[in-house]
Structure formats: C-alpha cells, structure tokens
C-alpha cells in the first residue's frame, strides 16, 4: 500500500508538481481579488447598517440581498452560469485564467460575510470612543474596525482559502487543471486510485498547513 | 461653559417613541465637577452624549462656550470633540494596541509629529502612574489600570471638558477611590471641567461640586451637593442620600423614645462645615439646664465639607426647649422636630 503510494509519487512527480502549481496559482490569484472585493463588501455590510457610521436604509438591504443570492448558488452552477462574463473579462473560459473569474464570484461574497462577522466582533464602545475623540469615519474604519478585527479576519481568510482549494477541484471541469482535476481524471476516469490518493494526501497536508498557519497568525495578533 | 437649553431626545423604537431626555436645562460652569445621578434608564447616558453630540438632541440647544453645536459642520464638530475628552464604564480601549498606542491614538488622529507624540504620551503616562506599562496590552491590565489608560487617552489633546460615563461603575471600591482621586487631581491641577454620570451617590459625595438628579428623562432636582444632602426635596434624592448616609432613626427606637412619660421633644440637629466641631450639647446643659440624650447620629464628608446630624431626646419644659432650639439655630444648625411626648 505505502509502497504503491511512494512509487506513484515518484513516477508522477512532475504531474503532481505541475498540478500543485496550478492549484496554487488559482488559489492565490482568486484569493487576492476575492479579498479586495470581500473586504470592501464586508466593511459595507457593517457600516451601512442602521445606526452605524454610514447608515443607509436603501443600500444596506440591497447589498445584503445580493450577497445572499450569490451565496445561494452552488459553485458548479456559477462556473457555468457566468461563462459569458468570464469570457468578457479574461477572454477565455478554460485553464487557470478561466477559473479565476468564477472562483472570485464564488469566494468574494463568502469573504464579505466572514469579514462582516469579524467586524461585528469589535466592541462598538471603541468605535464610540473614537467618535468622541473626533476621528473621521474613514479613520474609524481603518484604525479601529479593521485593526481590532485583524485576528478574526485572518481566521476568516484561512477558512475562505481552504474553501477555495475545494472549489478549484471543481474548476477542473473547465479544464483548469490542479490537484483536484488530476485526482478525478486519473483516479476516476483512468482507474488509477493511487494517483487520486496521493492528490488527496497532498490536499490534506496543504489544508493542515494553512489552518495551522492561520491559527498561529491570528493568535499572535490577538492580544487578549 | 456648557449650556443645555430645553434639550430633549426621543428615540424611535419600532413604532413607539421613547423619551430618553425631556426638556433639560443645565448650566455647567467652567472648572467645576458636575454630577448627574439617576437610576439606570433615567436618561443620563443620553444626556451626557448630547454634550458632545454623539447623540443629537431631537430638540433644544447645546452650547459650549459661545459655540452652538447644531451650527457646526461634521468637520468642525470633530475639531470640537478633540477638546472634549470622554471615558467610559467599559474603558473602550483598543485591545490590539499597547498602552502607548492607545494613549497616542488621539494625537495620531490629530496628525501630530512623532516626537511630539512621544513626549506627550510620556507626560500622560506619568500623570496616571503607568510609566512601567507602556508596552503592555489592555488585557494584561487590571480594571483600574485600564481606566487610567482611558483617562490618559482622553486628556491627550488637552481638553477643556472631560465627560465620564459611569467611569467607576465597573471597579471595586478601592479602585473607585483611586480613580476618583485622580479625577479630582486632574480637575484641580488643570482646571478641566468634569461632567460625570453615575448611579452611585458615593461618587457624587466624594468629588462633585454640583449635582443634578435625573428621573424619567427629566432633571427633578439640582443644586450643590451640600444643598442636596441637607435639604433633599424629592423621594429619589432622599433614596440616593440614604444609600450613602443613613439619617433616620429606626422606627421602633423612635416609638420607644416618644412613649416616655416625661415631657420631651425628639429633635434632629444637622451640622454643616465648621459647626460640626462646636460643643453645642454642652451649651444646652450649661445655659438652659437641658439634658439631651443622644439616640442616633451620623457624620460624613462631602467633598471638602462635613455634614452630620444628631437625633436627640430632650426632656424639659416646652418653653425652655424652645429657647434651646432657637439658640442652636442661631449657631448655624438646622433643627427639626421629629416628635413629642408627654
């Protein structure tokens, strides 16, 4: 058993390395864009709500509903449903490039919710204290809310990254490549279960590594 | 310094309107410590927040010096708030920042140069006695130390007014005392006007010059602390005073004293300030041959003054007792008849 894994790993070393690279590329690019969009939307979800610093009784319910709608669509459907948008943005629907757009559509609203819940953990009294000392609303967002929520944001982003790795496997359907794709193509379609197991083990290690790192960073940032 | 004119604050709670503050008129003088006392839900928190416009009054005006807060733009209001420090029951410090960073925060917001900030924070740290906690995080501090950091932060921009929102309510009695001493010290050394809200009469008695009693959103009584202690008008005020200073003889003792056969009067004599030290009972005996017996008494310090009372039973001829009472009143005491016998 163990021998066959090791043999498979050695024999297909290049394949694994390449697919790991593809997974990493998809995750890193999608995470980058999703985080920027998700942070913005997450902050909006908090500051636009009633009684908050940019209270807006029209925008808040709309944004809230839009994010819920996006969050309700399973990734495999987003993948196909937004093909025209993907084509328009990156001029292709296959490969790593073609996968990034649907991955961002899937992950950004998720990150928005994770950021929202991290920001809601911040003591509203501190926001009030900074209003009382004459901080501007922008200063309150950057210097109070985002700063205080850092431990929660890191944990949220860790969760989102791991979810993203899972989603990249599905993106394999569009020929995006990556570890998930290899696992399905070799393990399922070519009856080479050992290749599938190696892929799964690499994924497990990756997730463990990310979660541990996320926990450590969050703990380091949390001073209480 | 601070004028509030017909200030009301109404909250919309669903379909209901809640009157948090009802038609409040206040004038807080420069350099004084002004207390606002009330039970929870009395509206004192909302009233305090009307002073720096964290809550905008639904109607009425707030003026600070010559500035009407309602006339200020958002930016002008922010500049004004820099001159009004505020501290809170739960301290409200940045948990992810060190003591130094917390105290420096208002200075950073105001855009001061790094060197100026360092100098000012060091000064503030020594003012509140936390020089050795500069690099500590709030979670590593006790409640009293956290409030000291909050006070230092509130004083960073050299404000003229300090608002205290139940600043000692989360602290134990000993720590409460040390924080109150610090506030008193700040008031005296820098002449900062302090407005504090509390539900503890002890706080008022210890540091306030004047006090307003709030109930149901309205101010039901206000005056100097001494006035309130000596002549409370409302039941609420009486209850608050009773919480720190019991001035009533237990009912059964009063009854026993009145049931005596020999004619007598039961009196409550109140002393304020220096009259406390006068040998008034001895004078009653020497001048009028009256022989008072003391049933009950209490004495307390009110900021810099002293207030005390005695309940005495005074047997004797009614006319002589009358003369004795007049004598005591001439000497600055308040005399109140609680009952007679015989």
Which one of B:87, B:36 is within 14 Å of chain A (Cβ to nearest Cβ), part of a strand (DSSP E or B) and in contact with a helix residue (DSSP H, G or I) (Cβ under 7 Å, 6 or more places away or on another chain)?
B:87
Among the listed residues B:103, B:33, which satisfies the condition of being more than 24 Å from residue A:130 (Cβ to Cβ) and either at pLDDT 95 or above or not assigned by TED's automatic domain parsing to the domain that holds residue B:232 (or both)?
B:33
Could you tell me whether any residue of segment B:67-81 is part of a strand (DSSP E or B) and either in the same structural domain as residue B:162 (by TED's automatic domain parsing) or buried (at least 23 other Cβ atoms within 10 Å of the Cβ) (or both)?
yes
Among the residues in segment A:173-191, are any at negative phi, away from every other protein chain (no Cβ under 14 Å), surrounded by fewer than 23 Cβ atoms within 10 Å (Cβ to Cβ) and not in a helix (DSSP H, G or I)?
yes
Pick from segment B:49-62, criterion farther than 26 Å from residue B:141 by Cβ and in contact with a helix residue (DSSP H, G or I) (Cβ under 7 Å, 6 or more places away or on another chain), ranking: farthest from the other protein chains (Cβ to nearest Cβ):
B:61
Which condition from (1) at pLDDT below 95; (2) over 18 Å from residue B:172 (Cβ atoms) is the one that residue B:152 breaks?
(1)
Single unsatisfied condition, residue B:143 versus (1) more than 28 Å from the chain's Cα centre (by Cα); (2) away from every other protein chain (no Cβ under 11 Å)
(1)
So which of A:122, A:90, A:96, A:104 ends up being in contact with a helix residue (DSSP H, G or I) (Cβ under 7 Å, 6 or more places away or on another chain) and within 14 Å of another protein chain (Cβ to nearest Cβ)?
A:122
In a helix (DSSP H, G or I) and in contact (Cβ under 8 Å) with a residue 40 or more places away in the chain: is that true of residue A:159 in this structure?
yes
Report the residue count in segment B:91-120 for those that are crowded, with 18+ Cβ neighbours inside 10 Å, closer than 22 Å to residue B:161 by Cβ and within 9 Å of chain A (Cβ to nearest Cβ).
6
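The values are calculated or read from the model by the stated rules, or taken from the named source; none is laboratory data. In this text the structure is predicted, and so the values were computed from the model without any measurement. Cβ coordinates were reconstructed from backbone atoms using ideal geometry, including for glycine residues, and neighbour counts include every protein chain displayed.
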